[in-house]
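One structure, as structure tokens, below. Some questions next.
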Amino acid sequence: MKQSKITLSKDYRIAKIDDRIFGSFIEHLGRAVYGGIYEPGHPAADENGFRRDVIDLIKQIDVPIVRYPGGNFVSGYRWEDGVGPVEQRPRRLELAWSTTEPNTFGTNEFMRWCKEVHTKPMMAVNLGTRGADDARNLVEYCNHPGGTYYSDLRRSHGAAQPHDIKLWCLGNEMDGEWQMGHKTAAEYGRAATEAAKLMKWVDPSIELVLCGSSNSHMRTFGEWEATTLDLCYDKIDYVSLHQYYDCHDGDIANFLAKSCDLDQYIKTVVCVCDYIKGKKHAKKQINLSFDEWNVWYHSHGADFEKWSEAPHILEDVYNFADALVVGLMLIALLKNSDRVKVACLAQLVNVIAPIMTENGGKAWAQTIFYPYLHASRYGRGYALTTLLETTKHDTKDFSDVPDVDAISVWNDEKEELTVFAVNRDFEEDNLLKINLKDFAGYTPVEQIELAGFDLMAVNTAKSQPVQPTKKALSGVYDAMPEIALRPLSWNVIRFGKQ
Ligand code: AHR
């Protein structure tokens, strides 16, 4: 059997993990909103039309923040269409996804839904077809208490108290030619600076996310971040990253190694942020908002009727291999939690999502639901530098890929320690030795495993075979416990203080 070892110390802390790293995303796209979180008339819908079965699944994960309303959608969105009396709201052609947007769900519905879900909003403004003026009006509508045109408009729409939205995205993927209102880095840098300035004048307490590159393979990646940050540095707080991985070539070993690319991508963006910091002799540090990340390749979205309402698009059915990659991506995010302060699994319901629904029918958890749930539930606290000794292998695109990848999180308030680990090996168990010397009295509680499935196994409305199993571990302190990680497995090893 192969062996690995990790050494854990309270002194080697990467950072206190920002809870918002476990965020997600709801876009007006396909059935994310309509038929996903919102379906008046569904047997499980409440008086607001919110599906309680979906809310229950989201609450299990404990999602701290949800980005809204896009995505590509936001770059053509008129937020005014989605507020006020529902019967007066316009139906619009939605150009990002070639659908019809009914606007029966908008800002105030979303804010009400956030309260029901116990989550916080991360609101995006349209810097594609619109600009600073509409952005500052939306901040006034949402955050100003009253006595002005837009704040009183909100009050007249039934929201007496300000929504007090703290985190805002300055557009979406503005470097992408597919984006409505696509801009060069210089054009976007200026547009974002002016929008940021006005938005913060309306409410200085807000934090702003600048659009970074749409992914690390964009031709302008690096230069885009440098140029836009140079223009905006003083006005913004975070720069965004987006990344989706696929397995079109069927090479699963290579697919499992793609989290190494994620790690490299994050480190490169950190370098650019710090280069501009140095260049400006700035004290302020820009952190990262990884506000779209996931596996995405099973669906493409082309085969639906153009201009239809809430079509079945981007409804990836995730398999067990995808769940392992999502687990590995979470490990990479947590390892970089000194700089990644916000991250959003894209998306939350139906559209490349951990939760699926049938219109009028069931809601269920996809395979990727589980690593996300586990990380969010047990990954709060301090990320610890995981000194990892493990064997390595090469794949088509990556060399020296660790056979076992892991991160540990110490929750000092609850006196809990959790090791998240993936064994990438296809055949062999890996015996993980955990050097716990600095955690005297921490005894093993349980090992949660997602393992033993066919790599192509999926959960559907009919059956959900891909489920984690829990194994109670003996509660005796041992300075070097040894835990067997099964081949191709996601593991959550939990310790508690006795
Ligand atoms: O999440 C789906 C889409 O992917 C988003 O709308 C866009 O921002 C990204 O390209």
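Quick one: accessible area per residue over the stretch 368-431, 1.4 Å probe, rounded to a whole number of Å²?
On a per-residue basis, 38 Å².
If I fit a long axis through the Cα atoms of helix 107-117 and take the longest principal axis of the Cα atoms of the chain, what angle between them do I get, 0 to 90°, rounded to 10?
30 degrees
From the mean inverse distance of alpha carbon pairs (Kirkwood) and the Cα radius of gyration, derive Rg over Rh for the stretch 316-445.
Looking at the stretch 316-445, the ratio lands at 1.00.
As a check on your grasp of the helix formula, calculate [θ] at 222 nm for the chain: sum -39500 (n - 2.57) over DSSP H runs of n ≥ 4, divide by the residue count, round to the nearest 500.
Dividing the helical sum by the residues of the chain leaves -7500 deg cm²/dmol.
Carbon-plus-sulfur fraction of the accessible area of the stretch 18-378, 1.4 Å probe, in percent?
Carbon with sulfur: 51 percent of the solvent-accessible area.
Can you give the angle from 0 to 90° between the axis of helix 132-143 and the longest principal axis of the chain, with both taken from C-alpha atoms, to the nearest 10?
It is inclined by approximately 70 degrees.
If you put +1 on each Lys and Arg Cβ and -1 on each Asp and Glu Cβ, how big is the dipole of the chain around its Cα centre, in Debye rounded to 20?
Dipole about the Cα centre, nearest 20: 1260 debye.
Along the charge dipole of the stretch 18-378, which of Cys169, Trp296, Gly76 sits closest to the positive end, that is, farthest toward it, with unit charges on the beta carbon of Lys, Arg, Asp and Glu (+1, +1, -1, -1)?
So the residue we want is Cys169.
Identify, among Thr107, Asn430, Pro43, the residue whose Cα sits farthest towards the positive end of the charge dipole of the chain, taking +1 on the Cβ of Lys and Arg and -1 on the Cβ of Asp and Glu, with the dipole about the Cα centre.
Going by the charge dipole, the pick is Thr107.
So, one more: Which residue, chosen from Thr418, His281, Val239, occupies the Cα position most advanced towards the positive end of the dipole of the chain, where the dipole is computed from +1 (Lys, Arg) and -1 (Asp, Glu) charges on Cβ about the Cα centre?
The residue sitting most towards the positive pole is His281.
Out of every Cα pair in the chain, what percent are spaced more than 43 Å from each other?
15 percent
Angle between the Cα long axis of helix 223-232 and the longest principal axis of the chain, 0 to 90 degrees, nearest 10?
Computed tilt is about 60 degrees.
Sum up the charges of everything whose Cβ sits under 14 Å from the Cβ of Val351, counting Lys and Arg as +1 and Asp and Glu as -1, but leave Val351 out.
Charge balance in the 14 Å sphere: -3.
Are there GluC sites (Glu not before Pro) in the stretch 159-203 that DSSP marks as loop and that have at most 16 other Cβ atoms within 10 Å, and which are they?
Passing both the DSSP loop test and the Cβ count: Glu177.
One quarter of the convex hull surface, Cα atoms only: what value does that give for the stretch 368-425 in nm²?
Over every viewing direction, the Cα hull of the stretch 368-425 projects on average to 4.9 nm².
Within a Cβ distance under 11 Å of Asp18, other residues only, what is the Lys/Arg minus Asp/Glu net charge?
Residues near Asp18 contribute +3 overall.
Per-residue HN-Hα couplings for the stretch 406-416, Karplus 6.51 cos²θ - 1.76 cosθ + 1.60 at θ = phi - 60°, whole Hz, x for Gly and Pro?
Karplus-based 3J(HN,Hα) across the stretch 406-416 equals 7, 9, 10, 10, 10, 9, 5, 5, 8, 6, 10 Hz.
Taking the DSSP beta bridges in the chain as the whole, what percent of them are antiparallel, to the nearest 5?
60 percent
Counting other C-beta atoms within 10 Å, and keeping those with at most 16, which DSSP coil GluC sites (Glu not before Pro) do you find in the stretch 350-420?
Sparse-neighbourhood loop GluC sites (Glu not before Pro): Glu358, Glu413, Glu415.
Below 9 angstrom from the Cβ of Gln366, what's the summed charge of the other residues (Lys, Arg +1; Asp, Glu -1)?
Result for the neighbourhood of Gln366: -2.
Another one. Loop only per DSSP, at most 14 neighbouring Cβ atoms within 10 Å: give me the trypsin sites (Lys or Arg not before Pro) in the stretch 380-450, ordered by residue number.
Loop-located and lightly packed - Lys396, Lys414, Lys437.
The values are calculated or read from the model by the stated rules, or taken from the named source; none is laboratory data. All values reported here derive from a predicted model rather than from experimental measurement. No Cβ is skipped: glycine too gets one built from the backbone with ideal geometry, and neighbour counts run over all protein chains shown. Accessible surface areas use protein heavy atoms only, side chains included; no ligands, DNA or RNA. Shrake-Rupley method; radii C 1.70, N 1.55, O 1.52, S 1.80 Å.
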